[in-house]
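This report concerns only the one structure given below.
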Amino acid sequence: LLLTGTSIASQNALKEGEAKGLLLYNFAKFTTWPSQAFTGDHSPLIVGVIGPNPFGNILNDIKGKKVKGRKIEVRHFDTPRDYSKSHILFCNVRSARALKDLIEELDLEAQHVLTVGDFSDFALNGGVIGLTFSGNRLALEINQKAAKRAKIYLSENLVRLAKKVY
């Protein structure tokens with residue numbers, strides 16, 4: 001499903017939110033975190049959503065699956081105050097200012113978090129991966145500098161799929 005170039009509109013089985021939710025799972029396959037991002041060799045890979053859940057029930061389908069030998073846990077946080085460590089965090093914020101505040105407040109870069117969001121220019125404004133549309137196709141924008149600051153490595157295969165790389 002990792003952006004095979006297929007139109008979301010042509011995939012009757014997947015709605016936009018579900019497709020984006022499945023991408024979080026695929027991003028885990030193409031991202032490398034430093035060892036200190038995990039508490040131990042068998043600790044889980046945590047996928048978090050801060051704010052309203054735009055994915056429906058699709059994250060339940062990835063819960064418990066393994067990526068790179070780690071089981072996936074899914075957590076939902078209503079507010080930044082509720083946040084606890086995630087490795088992938090979908091930031092359901094709607095503005096550049098809200099994203100910058102969130103990154104600073106939670107010190108996400110120091111915690112080695114792959115931030116993902118879908119508002120316009122998410123990656124340009126400090127998030128690692130922005131989900132956008134190019135025509136009727138889901139597209140990626142990647143901020144390599146933000147990934148480097150978070151000390152995470154994005155596979156070249158993932159970066160090549162991006163419409164824009166900052």
Q | Value of [θ]222 nm, deg cm²/dmol, for the chain, DSSP H segments ≥ 4, -39500 (n - 2.57) each, nearest 500 | A | -6500 deg cm²/dmol
Q) Per residue, how much accessible area does the chain have with a 1.4 Å probe, in Å²? A) 49
Q | Cα shape, the chain, gyration tensor, a/c 1.5 rule | A | rounded
Q: Choose one answer from 43, 35, 86: the residue with the largest mean-square fluctuation in a GNM of the chain with alpha-carbon springs under 10 Å.
A: 35
Q: Sum up the charges of everything whose Cβ sits under 13 Å from the Cβ of residue 97, counting Lys and Arg as +1 and Asp and Glu as -1, but leave residue 97 out.
A: -2
(Q) Give me the percent relative contact order of segment 36-166, please, defined on Cα pairs under 8 angstrom at least 6 residues apart. (A) 18
Q) What share of the DSSP beta bridges in segment 32-102 is antiparallel, in percent to the nearest 5? A) 15
Q.
Taking all protein chains in place and a 1.4 Å probe, what share, in percent, of the accessible surface of the chain do carbon and sulfur account for?
A. 49
Q) About the Cα centre of segment 57-166, what is the dipole size in debye to 20, counting +1 per Lys and Arg Cβ and -1 per Asp and Glu Cβ, all else neutral? A) 500
Q) Build a GNM of the chain with springs between Cα atoms under 10 Å: which of 31, 79, 115 gets the top mean-square fluctuation? A) 79
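The values are calculated or read from the model by the stated rules, or taken from the named source; none is laboratory data. Quick caveat, the model's predicted, so the values are computed rather than measured. No Cβ is skipped: glycine too gets one built from the backbone with ideal geometry, and neighbour counts run over all protein chains shown. Heads up: the accessible areas ignore ligands, DNA and RNA and are worked out on the full protein's heavy atoms, side chains in. Shrake-Rupley method; radii C 1.70, N 1.55, O 1.52, S 1.80 Å.
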